[in-house]
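These notes are about the structure you will find just below.
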Amino acid sequence: MNGRLLIVVPGAIVGKNEAKGLNFKRKQFFIPKPMKLWMRRVAVCAHAAAVAADWPDPFMVREASYRIFRYNVGGDFDRGNTYLVDALQFTRWWTPRGLTPIPGPIGLVGNDKALWCAGSPPTITDDEGPRVEVHVELRAMRAPHEADELRRRWYVSEARRKAKKSAKNGEVRASAAAKRSRDELAQVEANLGIRLPL
């Protein structure tokens with residue numbers, strides 16, 4: 001098992017200024033698609049590096065440090081840091097059209113609380129194009145029984161979240177169907193010029 005990991009994410013960084021959208025109807029913030037796609041790219045690159053380096057099971061990692069190096073990109077020197085670290089957490093990623101599905105949840109750590117920043121120097125300029133490199137070092141591990149319990153809790157939480165989302169989607173669909181039915185009835189009444197009994 002290797003306690004050091006080098007993750008290379010090619011391409012431009014999607015920064016924090018592009019990381020939040022606002023749904024005015026629901027008055028909620030959301031992560032726009034470009035940031036989600038970049039986070040997924042980070043997660044896939046990290047997973048490939050972890051498999052190649054024989055990185056431990058994500059829930060076994062109690063503590064790890066990371067250093068972020070940016071090459072040939074503009075913006076703030078902490079550009080993308082928060083969302084990059086979020087992408088290293090054990091997560092089930094969706095499959096955008098045209099991309100290869102990920103077989104299941106992936107990540108370097110069970111929870112990003114296990115990661116701490118050991119440095120993030122200013123952008124470096126070279127001739128190899130925009131990219132970000134993340135150097136991760138394993139600092140401490142959990143006992144197998146602790147990791148098993150954390151994994152079990154993660155799957156229980158995910159099942160609860162899916163059930164809640166499914167119930168909410170069902171309510172939204174039922175509400176939309178009821179509204180559609182009311183609208184159709186109102187249109188029929190308007191066309192006939194009469195009020196239909198319910």
Enumerate the pairs (first residue in region 44-66 and at pLDDT below 95; second residue anywhere and surrounded by fewer than 18 Cβ atoms within 10 Å (Cβ to Cβ) and assigned to a helix (DSSP H, G or I)) with beta-carbon separation below 6 Å, excluding pairs fewer than 6 apart on the same chain, so at least 6 apart or on different chains. none
Do the conditions hold for Ile102, that is, is it assigned by TED's automatic domain parsing to the domain that holds Val8, of a type in the set (A, V, I, L, M, F, W, C), surrounded by 12 or more Cβ atoms within 10 Å (Cβ to Cβ) and more than 23 Å from Gly15 (Cβ to Cβ)? yes
Subset of region 105-128 [closer than 20 Å to Glu146 by Cβ, of a type outside the set (S, T, N, Q) and out of contact with any Ser or Thr (no Cβ under 9 Å at 6 or more places or on another chain)]: Leu108, Val109, Gly110, Asp112, Lys113, Ala114
Can you name every residue in region 72-98 that is modelled with pLDDT under 85 and either among the hydrophobic types (A, V, I, L, M, F, W, C) or out of contact with any helix residue (DSSP H, G or I) (no Cβ under 9 Å at 6 or more places or on another chain) (or both)? Val73, Gly74, Phe77
Condition first: of a type in the set (Gly, Ala, Ser), assigned to a loop (DSSP other than H, G, I, E, B) and in contact with a Lys or Arg (Cβ under 9 Å, 6 or more places away or on another chain). Can you find one or more residues in region 49-71 that meet it? yes
Of the residues that sit in region 72-84 and are in a loop (DSSP other than H, G, I, E, B) and within 21 Å of the chain's Cα centre (by Cα), which one is surrounded by the most Cβ atoms within 10 Å (Cβ to Cβ)? Gly80
Out of Asp148, Asp126, I need the residue that is outside any strand (DSSP E or B), surrounded by fewer than 15 Cβ atoms within 10 Å (Cβ to Cβ), touching a strand residue (DSSP E or B) at 6+ places or on another chain (Cβ under 7 Å) and not aliphatic (A, V, I, L, M). Which one? Asp126
Does Gly98 count as touching a residue at least 24 places away in the same chain (Cβ under 8 Å), at positive phi, of a type outside the set (Asp, Glu) and in a loop (DSSP other than H, G, I, E, B)? no
Residue count, region 62-87 (criterion: under 11 Å from Val134 (Cβ atoms) and in contact with a Pro (Cβ under 9 Å, 6 or more places away or on another chain)): 4
Selection count where residues are free of Cβ contacts under 8 Å to residues at least 24 places away in the same chain and outside any loop (DSSP other than H, G, I, E, B), scope region 101-120: 1
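The values are calculated or read from the model by the stated rules, or taken from the named source; none is laboratory data. All values derive from a computational prediction rather than experimental measurement. Cβ coordinates were reconstructed from backbone atoms using ideal geometry, including for glycine residues, and neighbour counts include every protein chain displayed.
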